[in-house]
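Q: Let me give you the structure first, and then I'll get to my questions.
The values are calculated or read from the model by the stated rules, or taken from the named source; none is laboratory data. Since the structure is predicted, the reported quantities are computational estimates derived from the model, not experimental observations. Counting neighbours? That spans all protein chains shown, and the Cβs are built from the backbone with ideal geometry, glycine included. Only protein heavy atoms, including side chains, enter the accessible area calculation; ligands, DNA and RNA are left aside. Shrake-Rupley method; radii C 1.70, N 1.55, O 1.52, S 1.80 Å.
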Amino acid sequence: MSDPYIVFGAPYLNEEEIAEVIDSLKSGWLGTGPKVRQFEQEFSLALNLNAESLVAVSSCTAALHLSLITSEIGPGDEVITSPLTFAATANAIIYTGATPVLVDIDPTAHTIDCDLIERAITSRTRAIVPIHFAGYPCDMGKILQIAQRYGLSVIEDCAHALETQMNGQQAGSFGDYGCFSFYATKAITTGEGGIVYCQDPSHARKIKTMSLQGMSLDAWQRFSSSGYKHYQVTELGFKYNMMDLQAAIGLHQLRKMQSFYERRAAIWRHYQLAFAKLPIARPTEIQPGVKHGYHLYTIQVDSERCGINRDQLIEKLHLKGIGAGVHYLPLNHHRYYQEKFGWKPDDTPVAMAVGKTTLSLPLNNGLKQTDLERVTEAVIECLAG
């Protein structure tokens with residue numbers, strides 16, 4: 001294999017990020033401080049959101065957990081979500097003592113099937129956590145109508161939806177909370193990190209306090225040059241704060257967000273055109289009013305139509321020096337959840353079928369045109385036999 005391995009989901013970092021991190025190291029301020037505040041401000045401007053309603057945290061998992069707690073979700077409650085998601089979505093619900101309730105996905109968009117949500121609502125249901133999948137949005141209009149009808153909180157999982165919009169409105173700004181991820185494979189990265197947007201600024205203030213052990217003042221407020229200030233622990237909190245070292249990376253990633261988006265959009269369109277005649281299922285075409293986030297490019301490989309199955313294609317691509325991903329093995333296919341909740345794969349048949357056949361191709365901000373051509377040719381060759 002003479003060509004370099006194309007890593008799935010590799011982050012794209014330049015000298016600007018490195019210099020900003022070095023600046024933080026030289027300043028001696030590594031924890032939550034001025035660069036986290038700056039990151040929150042610049043994020044609000046980039047997505048046209050109220051800065052007072054944003055809190056940067058250590059991960060999207062933390063954002064989800066804090067949003068659920070602030071929604072007063074707890075033991076005995078139920079929270080409806082999709083099975084086609086990362087473990088973090090379910091785990092955050094379980095952390096509160098509540099029970100996740102899985103609703104199957106739409107066979108085209110692979111987001112939660114809104115027509116099935118009401119069947120899953122019981123007297124214990126307290127919230128809905130919709131997942132915007134691969135950059136494509138859930139039908140938030142229908143979800144909000146259902147939530148209003150039953151008095152439910154809505155916490156949007158926007159880990160795939162940084163740039164996603166519906167009719168000009170930013171994903172994450174429809175429900176009570178929107179939770180974003182800056183993990184290494186995301187549209188922009190801080191290494192690890194997340195941010196939560198709250199409709200109610202008072203909820204953001206509560207989450208900010210809870211993200212740092214329930215203290216009334218963070219370290220920047222206590223130890224900066226303005227002089228020491230006493231703090232109070234006002235409630236039981238967590239160690240979920242973002243660090244300046246993380247924000248230092250994120251500041252320059254944010255400033256490249258538009259160029260990153262345009263590159264991923266071009267890659268996504270290239271794949272759509274190149275694979276149009278292959279015996280695979282491609283992502284759904286973008287509907288009017290939707291701004292796709294282009295977070296993942298997923299294809300479905302049916303063994304009867306393609307002659308090989310999804311896992312065999314992944315292995316063939318690997319041998320050609322190309323990494324691929326699986327998004328996702330549905331939640332009810334994992335042993336832990338099966339044993340804890342009695343879930344079975346065929347509880348959600350659409351997610352089961354998608355989970356068995358779907359793979360994600362490289363869609364990275366730094367993917368070179370030559371690498372893109374390699375991926376495209378490899379997929380075509382592997383499916384040709």
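Q: How much accessible surface area, in Å² rounded to 10, belongs to the heavy atoms of residue 108 with a 1.4 Å probe?
A: Surface accessible to solvent at residue 108 totals approximately 80 Å².
Q: When ranked by the protection proxy of mean other Cβ atoms within 10 Å per residue, highest first, what sequence do the peptides 50-63, 18-31, 258-271 form? It would help to have the intermediate numbers written out before the result.
A: Numbers: 50-63: 23.4, 18-31: 14.4, 258-271: 17.3.
In decreasing order of mean packing, 50-63, 18-31, 258-271 become 50-63, 258-271, 18-31.
Q: Of all the accessible heavy-atom surface of the chain, with the other protein chains kept in place and a 1.4 Å probe, what percent is carbon and sulfur?
A: It is 52 percent, rounded to a whole number.
Q: Go through 46, 168, 383 and say which Cα lies farthest out towards the positive end of the charge dipole of the chain; charges sit on Cβ, +1 for Lys and Arg, -1 for Asp and Glu.
A: 46
Q: Need one number: nm distance between label points at residue 45 and residue 7, each 7 Å from Cα along Cα→Cβ, rounded to one decimal.
A: Those two pseudo-labels are separated by 3.1 nm.
Q: Could you state the accessible area per residue of the chain in Å², with a 1.4 Å probe and every protein chain left in place? Write down the numbers at each step before the final one.
A: Working: 16600 Å² over 385 residues.
Roughly 43 Å² per residue, with all protein chains present.
Q: Modelling each spin label as a point 7 Å along the Cα-to-Cβ direction, I'd like the residue 202/residue 30 distance in nm, to one decimal.
A: 3.8 nm
Q: Which Cα, out of 278, 246, 258, lies furthest along the positive dipole direction of the range 246-331 (beta carbon charges, K/R +1, D/E -1)?
A: The residue sitting most towards the positive pole is 258.
Q: Can you show me the helix-derived [θ] at 222 nm for the chain, built from DSSP H runs with n ≥ 4 at -39,500 (n - 2.57) apiece and divided by the number of residues, rounded to the nearest 500.
A: Values: 15 runs with 156 residues, N = 385.
Estimated from H runs of four or more residues: -12000 deg cm²/dmol.
Q: Could you put 255, 282 in order of accessible surface area, largest first, with the 1.4 Å probe and the full protein assembly present? List each step's numbers first, then the result.
A: Values: 255 120, 282 85 Å².
Result of the area sort, largest leading: 255, 282.
Q: Counting only C-alpha contacts under 8 Å and six or more residues apart, can you give the relative contact order of the range 232-340 as a whole percent?
A: On the way: 47 pairs, mean separation 16.1, N = 109.
Once divided by the residue count of the range 232-340, the mean separation gives 15 percent.
Q: What fraction of the DSSP beta bridges in the chain is antiparallel, stated in percent and rounded to the nearest 5?
A: On the way: 24 of 40 bridges.
Here the share of antiparallel DSSP bridges comes out near 60 percent.
Q: May I ask you to list the aspartates and glutamates whose Cα is less than 19 Å away from that of residue 277, ignoring any residue fewer than eight positions away on the same chain?
A: Counting by Cα, and skipping residues close in sequence, residue 277 has these aspartates and glutamates nearby: 285, 302, 304, 373, 377, 381.
Q: To continue, here is another question. Give the long-range amide H neighbours of residue 111: residues separated by 5 or more places, or on another chain, with amide H under 5 Å away, using H modelled in the peptide plane at 1.01 Å from N.
A: Distant-sequence amide H within range of residue 111: 106.
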